[in-house]
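Participant: Quick one: the structure is below, questions incoming.
What follows draws every value from the coordinates through simple rules; no lab data is involved. Given the structure is predicted, the values throughout are model-derived calculations rather than measurements. Here the Cβ positions follow ideal geometry from the backbone for every residue, glycine too, while neighbour counts run over all protein chains shown.
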Ligand SMILES: C[S@@+](CC[C@H](N)C(=O)[O-])C[C@H]1O[C@@H](n2cnc3c(N)ncnc32)[C@H](O)[C@@H]1O
């Protein structure tokens, strides 16, 4: 895995065009047509969510911090009743790679389906293997799907805006940093998809081994949320934190490599 090296970049601080680019995209809509394969993948993910709730009952987003064990099934858990109980609570693990984080998150929130999404077949093929689960079963709420995030997120936002899904937690762990200044608009926060990403989840957690990526991501979030508030300051109930952290036990393959190489890791948490 090319990853244990620190990020090297010709950029020493936040990108000079960050504010201009983020402001521009905050006012526009990303219109690239959605690929058929991601529509199909999204339909599979929706089916998993429906079947999960059919089997075990519906997660309560207000309980997301405290849910410790699977809700017992009840007589109200027919497909019809579940549909009436929308929105369904769903957690996303975007760019999950080999899927380890999906297992950790699924164990943390056992009553909520957790969808790990990645475009790499080779990485997803490793998801759920015994070395990741320490010999235990894959949690029944973990699901992996191959898809393009820029399309999957827009389909997911449609569900959120239609009141069908709610996403209390969205993990974006160690996205490709695109460290060259000339490639900066491939970073999620300098891409037209960023307002969609921010609108999707109530809590977004970004992890990265590049401090500049973390600081840019946090700054870009402030800019977009300000734009949405029509020139006001970031809405009062929004919290954006950006800090270094030291995971006790690594939760992803990249996190493990970086920790072994004693790199400082960064985390941005956005609560809207
Ligand atoms: C640096 S790896 C991190 C993987 C994992 N989160 C980890 O920490 O081990 C970034 C992952 O994001 C995936 N990825 C990047 N851009 C993507 C996109 N637009 N759609 C889907 N997956 C993407 C890559 O395939 C890769 O597995």
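Participant: How much length is gained on full extension from residue 36 to residue 133, taking 0.36 nm per residue of separation minus their Cα-Cα distance?
Facilitator: 31.7 nm
Participant: How much FRET efficiency would the formula 1/(1 + (r/R0)^6) give for residue 86 and residue 28, where r is the Cβ-Cβ distance and R0 is 22 Å, rounded to 0.05?
Facilitator: 0.15
Participant: I want to make sure I understand the PRE zone here: with the label point 7 angstrom from the Cα of residue 50 toward its beta carbon, which residues in region 124-160 have backbone N atoms less than 15 Å away?
Facilitator: Once the point is set 7 Å along Cα→Cβ of residue 50, 159 turn out to lie under 15 Å by backbone N, inside region 124-160.
Participant: To continue, here is another question. Going by C-beta contacts inside 10 Å, put 217, 109 in order with the fewest on the left.
Facilitator: Fewest to most other Cβ atoms nearby, the residues stand as 109, 217.
Participant: Fewest first, what order do 272, 264 take by the number of other Cβ atoms within 10 Å?
Facilitator: Listed from fewest to most nearby Cβ atoms, that is 264, 272.
Participant: Rounding to the nearest 10 and keeping the result within 0 to 90°, find how far the Cα-based axis of helix 149-161 lies from the longest principal axis of the chain.
Facilitator: 60 degrees
Participant: Okay, moving on. What does the convex hull of the Cα atoms come to per residue for region 125-272, in Å³?
Facilitator: Per residue, the Cα convex hull of region 125-272 comes to 144 Å³.
Participant: Calculate, for residue 228 and residue 262, the FRET efficiency according to 1/(1 + (r/R0)^6) with r their C-beta to C-beta distance and R0 35 Å; round to the nearest 0.05.
Facilitator: Once rounded, the FRET efficiency stands at 0.35.
Participant: Measure out, as a whole number of angstrom, how far apart the alpha-carbon centroids of region 1-58 and region 189-216 sit.
Facilitator: 9 Å
Participant: May I ask for the Rg/Rh ratio of region 124-202, computed from Cα atoms with Rh as the Kirkwood radius, given to two decimals?
Facilitator: 1.04
Participant: Quick one: order 15, 189 by neighbouring beta-carbon count within 10 Å, fewest to most.
Facilitator: Ranked by crowding around the Cβ, least crowded first: 15, 189.
Participant: Let me ask another. What does the convex hull of the Cα atoms of the chain come to per residue, in Å³, rounded to a whole number?
Facilitator: In the chain, the Cα convex hull volume per residue is 136 Å³.
Participant: Given the Cα-Cα distance of residue 12 and residue 211 and 0.36 nm per residue of separation, how much length would full extension add, in nm?
Facilitator: Full extension from residue 12 to residue 211 adds 70.6 nm.
Participant: Further question on the same structure: Could you order peptides 255-261, 90-96, 35-41, 194-200 by the average number of other Cβ atoms within 10 Å of their residues, highest first?
Facilitator: Top to bottom by mean Cβ count within 10 Å: 90-96, 194-200, 255-261, 35-41.
Participant: Still on this structure, I have one more. Relative to the longest principal axis of the C-alpha atoms of the chain, give the angle of the C-alpha long axis of helix 211-228, reported between 0 and 90° and rounded to the nearest 10°.
Facilitator: Roughly 80 degrees between the two axes.
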